[in-house]
Amino acid sequence: ELEGQFPGGDLYAAPLDSRFDRVIEQVEGMSSTHSLTLLNVAARCLGQDEWYLEVGSYRGRSLVGATLDQAHGRFAAIESFREFVDQHPDVSHEIVLRTLASWGVDSRVRFLRGDAFRLLPRGAVPGPVGVYFYDGAHTRLAQWLALAVAEPWLADEALVVIDDTSWPQVDRSARHYVGGHAGYELICDLAADQDGN
């Protein structure tokens, strides 16, 4: 279904759906229209009882993109706001909540503030996770733990999306984890044209 969102199925071309251009213009963040298209399609393909889980939401751009025009309300996000020292975590939290409200998706998102590595083992998501988007801390240990703590909550068939694999430590850590755990299959590796894209 993702290829159908791009002209000729070219995942590197501009998406056919321009809805996400407005999200990019209005919500501060680092996600591209390509990322938002991927997350939106993935969330639309969830099974009936499955949840979308996002770890690392910054200002809420990717979360808005995933929830935009979805009929269901099975979205959860966890953000600690510790990675961004440019603003007090309380202010950052308020910004995300305002963003979700301004886009009319706040009632469909279970937003948790805290450490995902502590919250996930305690059942932060009320159902099986069909889409897991990790864009949290990018250290080698954090990347490995991000997969380890989420794995018990993944649905039998789940899509795991890892951002910033152009960073060597992210790529190595993710590949190391997946290589040592059965059941994972690399479906797509969307290479960035530059670091941070």
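The values are calculated or read from the model by the stated rules, or taken from the named source; none is laboratory data. Small disclaimer: the values here were computed from a predicted structure and weren't measured. Glycine also receives a Cβ, built like all others from the backbone with ideal geometry; neighbour counts cover every protein chain displayed. The area values use the complete protein model at the heavy-atom level, side chains included, leaving out ligands, DNA and RNA. Shrake-Rupley method; radii C 1.70, N 1.55, O 1.52, S 1.80 Å.
Numerical summary
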item	result
Extension gain (nm, one decimal) between Arg118 and Arg175, 0.36 nm per residue minus Cα-Cα	18.2 nm
Cα gyration tensor shape of the range 80-172, rounded if a/c is under 1.5, else prolate or oblate by comparing a/b with b/c	oblate
Percent carbon-and-sulfur accessible area, the range 27-184, ignoring ligands, DNA and RNA, probe 1.4 Å	52
Where GluC sites (Glu not before Pro) in DSSP loops with at most 10 other Cβ within 10 Å are excluded, longest remaining stretch of the chain	2-184
Average accessible area per residue (Å²) across the range 126-172 - probe 1.4 Å, nucleic acids and ligands excluded	47
Residue-normalised accessible area of the range 1-106, expressed per residue, 1.4 Å probe, Å²	47
The range 1-111: translational diffusion in µm²/s, Stokes-Einstein, Kirkwood Rh over Cα pairs, 20 °C, 1.002 mPa s	149
For the range 129-197, alpha-carbon Rg over 2.2 N^0.38 Å	1.05
Label point 7 Å beyond Cα of Cys45 along Cβ direction - residues of the range 150-169 with amide nitrogen under 15 Å	155-162
At R0 = 22 Å, FRET efficiency that the Cβ-Cβ distance of Gln87 and Leu141 yields, to 0.05	0.30
